[in-house]
1. Within segment B:200-220, can you find the residues that are more than 12 Å from chain A (Cβ to nearest Cβ), charged (D, E, K, R) and under 30 Å from residue B:165 (Cβ atoms)?
2. So which of B:111, B:82, B:56 ends up being of a type in the set (A, V, I, L, M, F, W, C), over 26 Å from residue B:332 (Cβ atoms), under 23 Å from the mean Cα position of the chain (by Cα) and at pLDDT 95 or above?
3. Away from every other protein chain (no Cβ under 11 Å) and either part of a loop (DSSP other than H, G, I, E, B) or at pLDDT 95 or above (or both), is that true of residue A:184?
4. So residue B:56 passes all but one of these: (1) in contact with an Asp or Glu (Cβ under 9 Å, 6 or more places away or on another chain); (2) open to solvent by 30 Å² or more (accessible area, probe 1.4 Å); (3) among the aliphatic types (A, V, I, L, M). Which condition number does it fail?
5. May I ask you to say which residue of A:86, A:136 is hydrophobic (A, V, I, L, M, F, W, C), surrounded by fewer than 19 Cβ atoms within 10 Å (Cβ to Cβ), touching a Leu at 6+ places or on another chain (Cβ under 7 Å) and more than 10 Å from every other protein chain (Cβ to nearest Cβ)?
6. Go through segment B:276-374 and tell me which helices (runs of 4 or more DSSP H), entirely inside it, have 3 or more residues that are modelled with pLDDT of 95 or more, polar (S, T, N, Q) and surrounded by 20 or more Cβ atoms within 10 Å (Cβ to Cβ).
7. So residue B:223 fits all but one of (1) open to solvent by less than 20 Å² (accessible area, probe 1.4 Å); (2) within 11 Å of chain A (Cβ to nearest Cβ); (3) in contact (Cβ under 8 Å) with a residue 60 or more places away in the chain; what number is the exception?
8. Would you mind finding the one in A:75, A:8 that is under 30 Å from residue A:391 (Cβ atoms) and not small (Gly, Ala, Ser)?
2 protein chains.
Amino acid sequence: MDSALADLTAALPDGTVVTDPDILASYRQDRAFDPDAGTPLAVVRPRRTEEVQTALRWATAHRVPVVPRGAGTGLSGGATALDGGIVLSTELMRDIRVDPVTRTAVTQPGLLNAEVKKAVAEYGLWYPPDPSSYEICSIGGNIATNAGGLCCVKYGVTTDYVLGLQVVLADGTAVRLGGPRLKDVAGLSLTKLFVGSEGTLGVVTEVTLKLLPAQYRGCTVVASFASVAAAADAVVEITGKIRPSMLEFMDAVAINAVEDKLKMGLDRGAAAMIVAASDDRGAPGVQDTEYMASVFTEHGATEVFSTDDPDEGEAFVAARRFAIPAVEAKGSLLLEDVGVPLPALADLVSGVEKIAAQHDLMISVIAHAGDGNTHPLIVFDPADTAMEQRAQQAFGEIMDLAVGLGGTITGEHGVGRMKRAWLAGYLGPEAMDLNRRIKDALDPDGILNPGAAI
Amino acid sequence: MDSALADLTAALPDGTVVTDPDILASYRQDRAFDPDAGTPLAVVRPRRTEEVQTALRWATAHRVPVVPRGAGTGLSGGATALDGGIVLSTELMRDIRVDPVTRTAVTQPGLLNAEVKKAVAEYGLWYPPDPSSYEICSIGGNIATNAGGLCCVKYGVTTDYVLGLQVVLADGTAVRLGGPRLKDVAGLSLTKLFVGSEGTLGVVTEVTLKLLPAQYRGCTVVASFASVAAAADAVVEITGKIRPSMLEFMDAVAINAVEDKLKMGLDRGAAAMIVAASDDRGAPGVQDTEYMASVFTEHGATEVFSTDDPDEGEAFVAARRFAIPAVEAKGSLLLEDVGVPLPALADLVSGVEKIAAQHDLMISVIAHAGDGNTHPLIVFDPADTAMEQRAQQAFGEIMDLAVGLGGTITGEHGVGRMKRAWLAGYLGPEAMDLNRRIKDALDPDGILNPGAAI
């Protein structure tokens, strides 16, 4: 393998193939911190599509597994390294071209989500998808997981903004799919097939994104509730009538964890808090926010606060975004990502409370409530092996709970390696077989991200 | 084959398999009116998924080609019958269940688009996709072609509203993909792969649709222009700033054809007319429509008319929808569906004018201008063989023109059989091979809609 690796090193520009053990160690894990992560033979950091092709041709010739990696911020172990494999990091692929006339951007995968947003904002345009990690996650990783975020409730997820891709297949073939056309039904929907495929079908080397005009800054409404069910009912009523641009949920644990840190006067006695926003134009969102405030009040909200001051509104959104680090201050986190149909939100939260009590754990639930996509945050002490095991058990039980409520094992983080054991049970044998047939057709030797997702 | 067909007839409920020659004749063509259409062995009209499975198991066992058919309103020949094959019509699969709490509907494929809209409207909900044929096309056919429509410019296309599918594969296996979950990234995006696959990968037997709250009725602005380029420039400026809910284009031929019939006072001397709308809430769309009216004026519109009266607005939308039948009154139509990036709209229209002049044909261009998706309508007399040949030639030249301008051969109608000769050239060999690999993996015997799309 040493001589084969030397061939790869020689075939690529200087510095592209890295074998320094300290650097390799830093590419073993993503943010799932899989304790079983392997150590790769090499980290390959291409800058151009052709270099990705060279790497994959080499990997196919030598049957070397390839783990594609964006910014390494994944939470499901989709970029966990394998012993004897290579990690193909797209972090140096950072070009972007914005075309304000067609409202599209063509970008390499290594740009961070926040960098894409910033580049297009210079033209008065907006790339909506906004995972909580948007300042540290890459657009390529977003595409690999079909990432969501806070604005999904109105603006959809990553796949809704991907018009075209260039992908390199396992055998090194580069394929262009789609392009800067807003509507195009020629051939199968392969662009959409690659979005969310977690690096198992090919490596994305270029993306054509659809952009929207800059978002209108609307109004924000914050409400506290004495029960989760009341908050969930209010969410269901609102989403049946209007289209808020944000509808976020925090449970009591999250409210208190955030208040511990930010001291912004949140109601520590509340069972639930909703942060909602409307960005409709014309009498800036007032009609929608008045409506939402009235629904919250009718559902027994203990406190309702509305503002059309963008900074004041942003403070509450920041509080919601800060929930994960705030809860993380209590210990290490296992970050869940289960989705349930909206009416099951209260049942999910109470079920999680029971699981927490049974395993003597702190679990906080935050949620993109308008989508029914929840993030139970399981707190544990990694020095306490027994506790870590209880956390792992709770992690599985929460997925079982969600599936029992008609939900999914992952709403926006991906299956990766951590949820793979639950995938077949969730999809069923027929859909699992169909996944496998597509995978085998595109990657017959199974070199692309083996052990992840499907 | 007679005894094999008797087996199929016996295996399905009475009346499901039809062999009456007059009825068979009526299922030979869809609205592409392919003169080379075959005559099927039988038309099979199942009511349940299990019956579709029976039909496909039989077809696989006997290697009989299956042409899936919705309402037969397709314009690309995706449902053209084949000699010796069966036509599998989903027209009798007409159940629908609406769940207003999760804002989803589970429907069989045979319901018309308008019937779906009506069923969900009873719950104050809205299914947005609105192909011009919405009163006569089926939801299953919409899924097969990933149909678009007038509201796409803001609300997206069919795929954006399909949360889940039940599909029956060539071998008769029924597979459930997705479901009533707004966000779900477990496994490959197979739901999206089947949308737009034109019956080549499987037969859709059940659909879970995402619904929105009822649309807010906003304002309408109509503008006439002395040049297509001025109209196109106005469209580009508007879509860079706001998100209108409609942005439709008619050329001089269409304006005059509509005025011939409706006599509503359209400007017969105009080169282009734009019908735009905004449905933002709050001071009902006034801000957006005032903005659009001012952009039209700045770009030299010869007439601008705004209204917040829904009926008055609807009259102009109806005029736009009436453009196809109005032009059809001049002769038979070859209905094109090419898409171009927005800035190329004026070049496309002038290119089409040249093609029309060269071939001595009348060609009218209407367009979902906000998406760059155009429908050149080629008028010909089917009794005039030479003219029909010139029309066919123009049909191909318009696709070549669109591709040369960075556009696509089909924006929302599908490839079917009429555009298949252009697909490989448009996609390129790598993407074509990828399409083929997926097709072979899912339908190894090639019994599903052979000769259509890929």
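The values are calculated or read from the model by the stated rules, or taken from the named source; none is laboratory data. Since we're looking at a predicted model, the values are computed, not measured. Every residue, glycine as well, gets a Cβ built from its backbone with ideal geometry; the counts of neighbours run over all protein chains shown. Heavy atoms of the whole protein, side chains included, go into the accessibility calculation; ligands, DNA and RNA do not. Shrake-Rupley method; radii C 1.70, N 1.55, O 1.52, S 1.80 Å.
1. If the condition is that a residue be more than 12 Å from chain A (Cβ to nearest Cβ), charged (D, E, K, R) and under 30 Å from residue B:165 (Cβ atoms), then B:206 is the only one that fits.
2. B:111
3. The answer is no for residue A:184.
4. Just one mismatch for residue B:56, condition (2).
5. A:136
6. Filter on segment B:276-374 gives an empty set.
7. The single condition residue B:223 does not satisfy is (2).
8. Testing whether each residue is under 30 Å from residue A:391 (Cβ atoms) and not small (Gly, Ala, Ser) leaves just A:75.
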